[in-house]
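K.L.:
Let me give you the structure first, and then I'll get to my questions.
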Amino acid sequence: MNKIISVVFMLILAGMLVGCGATARKISRLSQSQHSDVFSEISGSGEVQAGSADLIIRANIKTHAEGYFAFESRDSLHGKSGYPFLVNIDGQAATWKVDGVKDVKPKYDQNGKTSRDPEAGDGVLYQLEKKVRLKAGTHKIYFSLPEEPYLLETEVTLKDGAQHVMELKPIYRYKTRPIRIETFLKGISKYEAHMDGNTVGL
């Protein structure tokens, strides 16, 4: 029986490793631009030209501080400056590196119980906000955290002459002891994508 359990465990682990490897390879491909004229990064609040649309991209993630895990690779960017966010729109890629800020939130609520806030505790918060201009219409967007690795794919339709906001909200993995609770210390599970306040399909 123990031998069967070990074999099953090894098969599951192998499947997870293969899946992670495939995701990492896809992220590597998406980090290379196939086109250079899909969007341009802009600043300010100028008028949107006819035939175009503006898209504000907001995303954040909280990670553990540098050195929190004793055996973490020295190459890891968790807790360090220059944490990368990758966006690929219709084949044009941009990697934006963000410097984090120390973020401390109470581990316990007002009743002395473990906080249910997924970002409770000491860590480093990274916040991305970029504004790009592109043609109005439907676009395929890939959003990635190469450091994790994590990849989200979605499709959005932008209105002519409008400004839209895409907000990516992190959902963290769970720990099980002493209670089952979502926490940034376990890393990212997925992102929820919202366009102008409405959830968009993945």
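The values are calculated or read from the model by the stated rules, or taken from the named source; none is laboratory data. Please read these numbers as outputs of a predicted model, since none were measured by experiment. Here Cβ is always computed from backbone atoms with ideal geometry, including for glycine, and neighbour counts include all displayed protein chains.
K.L.:
Looking at the range 19-40, I want the residues that are touching a residue at least 40 places away in the same chain (Cβ under 8 Å) and have a partner that is charged (D, E, K, R) with Cβ atoms under 6 Å, at least 6 apart or on another chain. Which pairs are those?
P.N.:
Hits for this filter: VAL38/ASP90; SER40/ARG133.
K.L.:
Does THR63 satisfy being surrounded by 12 or more Cβ atoms within 10 Å (Cβ to Cβ), of a type outside the set (A, V, I, L, M) and within 23 Å of ILE27 (Cβ to Cβ)?
P.N.:
Yes: the conditions hold for THR63.
K.L.:
Follow-up question, since we're still on this one. Please work out which one of (1) out of contact with any strand residue (DSSP E or B) (no Cβ under 9 Å at 6 or more places or on another chain); (2) on the phi < 0 side of the Ramachandran plot is the condition LEU128 fails and give its number.
P.N.:
Failing condition for LEU128: (1).
K.L.:
A further question follows. Mind telling me which of the residues LYS102, LYS131 ends up being basic (Lys, Arg), surrounded by 13 or more Cβ atoms within 10 Å (Cβ to Cβ) and out of contact with any Phe, Trp or Tyr (no Cβ under 8 Å at 6 or more places or on another chain)?
P.N.:
Exactly one of LYS102, LYS131 is basic (Lys, Arg), surrounded by 13 or more Cβ atoms within 10 Å (Cβ to Cβ) and out of contact with any Phe, Trp or Tyr (no Cβ under 8 Å at 6 or more places or on another chain), namely LYS131.
K.L.:
Check LEU128 against each of (1) free of Cβ contacts under 8 Å to residues at least 24 places away in the same chain; (2) assigned to a strand (DSSP E or B); (3) under 18 Å from ILE171 (Cα atoms) and name the one condition it does not meet.
P.N.:
LEU128 satisfies all of (1) free of Cβ contacts under 8 Å to residues at least 24 places away in the same chain; (2) assigned to a strand (DSSP E or B); (3) under 18 Å from ILE171 (Cα atoms) except (1).
K.L.:
Yes or no: the range 112-121 includes at least one residue that is in contact (Cβ under 8 Å) with a residue 24 or more places away in the chain and surrounded by fewer than 16 Cβ atoms within 10 Å (Cβ to Cβ).
P.N.:
Yes: one or more hits.
K.L.:
Now for a separate question. Does any residue in the range 88-105 that is at positive phi come within less than 7 Å, Cβ to Cβ, of a residue that is assigned to a loop (DSSP other than H, G, I, E, B) six or more places away or on a different chain, and which pairs are these?
P.N.:
ASP90/HIS35; ASP90/VAL38; GLY91/SER33; GLY91/GLN34; GLY91/HIS35; GLY91/VAL38
K.L.:
What about LEU151, is it at negative phi, in contact (Cβ under 8 Å) with a residue 40 or more places away in the chain and in contact with a Ser or Thr (Cβ under 6 Å, 6 or more places away or on another chain)?
P.N.:
Values: at negative phi: yes; in contact (Cβ under 8 Å) with a residue 40 or more places away in the chain: yes; in contact with a Ser or Thr (Cβ under 6 Å, 6 or more places away or on another chain): yes.
When the stated conditions are applied, LEU151 passes them.
K.L.:
How many residues does the range 156-181 contain that are at pLDDT 95 or above, among the charged types (D, E, K, R) and loosely packed, with under 13 Cβ neighbours inside 10 Å?
P.N.:
Looking only at that region, the number is 1.
K.L.:
Only strands (runs of 3 or more DSSP E) wholly contained in the range 15-95 count here; list those with 3 or more residues that are modelled with pLDDT of 90 or more and under 18 Å from the mean Cα position of the chain (by Cα).
P.N.:
52-63, 83-89
K.L.:
Can you find even one residue in the range 135-149 that is among the hydroxyl-bearing types (Ser, Thr, Tyr) and modelled with pLDDT under 95?
P.N.:
No, that holds for no residue.
K.L.:
A follow-up question, please. Checking the structure you have, find out if any residue of the range 43-51 is of a type in the set (Ser, Thr, Tyr), touching a Leu at 6+ places or on another chain (Cβ under 8 Å), touching a residue at least 24 places away in the same chain (Cβ under 8 Å) and over 21 Å from HIS194 (Cβ atoms).
P.N.:
No - not one qualifying residue is present in the range 43-51.
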